[in-house]
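Beneath this line is the structure, given in structure tokens, with notes to follow.
The values are calculated or read from the model by the stated rules, or taken from the named source; none is laboratory data. Bear in mind that the values here come from a model prediction, so they are computed numbers and not experimental data. Here the Cβ positions follow ideal geometry from the backbone for every residue, glycine too, while neighbour counts run over all protein chains shown.
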Amino acid sequence: FLPRLMAALEQVDQTYIMVKPDGVQRGLVGEIISRFEKKGFKLTGLKLFQCSKELAEEHYKDLKQKPFFPAMIDYITSGPVVSMAWEGIGVVPSARKLIGATDPLQAEPGTIRGDLAVQRGRNVIHGSDSPENGQREIALWFKEGELCEWTPVQEPWLIE
Ligand code: UDP
Ligand code: MG
């Protein structure tokens, strides 16, 4: 059991998940957190947060040249977001699957965007697209001391 658990824990990654202002305004925070909890990922950071234009622009810096960039920055800064760090084996691609396609009309039913949104410009949630970006974004959105290391009691029931 122990060697297999150790091997499994080596593949552990972190992802930055954010309920965008429309998700907060529409009362979807609990529903969204539930989906990640039920899947079996570990929450290591959580806060309601009004972000600055500067932070939003840094977070989305790779999209700076896109035509939708200014509207998207207005959207992300239009109200509080819920910032989360989640940890688990393969959490980055798995969270992207739970979230669904960028365009909610293309997102599969059963995904967060597929079930809860209709437009790319109001797609309720963000999730990191690589483990490297997971680290980068968590460092960007959380200060030292805001993240918790802990061991959920359910761990042996999730990871063999
Ligand atoms: N976005 C938009 N119009 C587009 C493409 C993207 O408003 O044509 C917004 C959308 O909210 C998306 C965000 O920009 O979630 C970041 O785009 P990305 O391609 O990284 O999509 P994601 O990784 O969020 O699925
Ligand atoms: Mg993206």
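Taking only pairs six or more apart or across chains, which ones have beta-carbon atoms under 6 Å, a first residue in region 131-160 that is more than 30 Å from Lys53 (Cα to Cα) and modelled with pLDDT of 95 or more, and a second residue that is of a type outside the set (Asp, Glu) and surrounded by 11 or more Cβ atoms within 10 Å (Cβ to Cβ)?
Pro152/Lys42
Working only within region 114-124, note down all residues that are buried (at least 21 other Cβ atoms within 10 Å of the Cβ) and either more than 8 Å from ligand 1 (Cβ to nearest atom) or at pLDDT below 95 (or both).
Listed by number, the residues that qualify are Ala117, Val124.
Just to check your reading of the model, which residue among Gly23, Gly45, Gly114 is under 15 Å from the mean Cα position of the chain (by Cα), touching a residue at least 12 places away in the same chain (Cβ under 8 Å) and not in a strand (DSSP E or B)?
Residue meeting the stated conditions: Gly23.
Which members of region 125-147 meet the condition of being within 13 Å of ligand 1 (Cβ to nearest atom) and of a type in the set (Val, Ile, Thr)?
Ile125 - this is the single residue of region 125-147 that is within 13 Å of ligand 1 (Cβ to nearest atom) and of a type in the set (Val, Ile, Thr).
Take the residues in region 55-75 that are surrounded by 14 or more Cβ atoms within 10 Å (Cβ to Cβ) and over 16 Å from Asn133 (Cβ atoms); name whichever of them is nearest to ligand 2 (Cβ to nearest atom).
For region 55-75, the residue satisfying everything is Met72.
Kindly indicate the residue of region 48-61 that is out of contact with any helix residue (DSSP H, G or I) (no Cβ under 9 Å at 6 or more places or on another chain) and not in a loop (DSSP other than H, G, I, E, B) and also farthest from ligand 1 (Cβ to nearest atom) among those meeting that condition.
Ranking the qualifying residues of region 48-61, first place goes to Glu54.
Can we say Lys97 is under 13 Å from the mean Cα position of the chain (by Cα) and within 18 Å of Val24 (Cα to Cα)?
no
Exactly one of (1) within 14 Å of ligand 2 (Cβ to nearest atom); (2) of a type in the set (Ser, Thr, Tyr); (3) in contact (Cβ under 8 Å) with a residue 60 or more places away in the chain is unmet by Ser83. Its number?
Every condition holds for Ser83 apart from (1).
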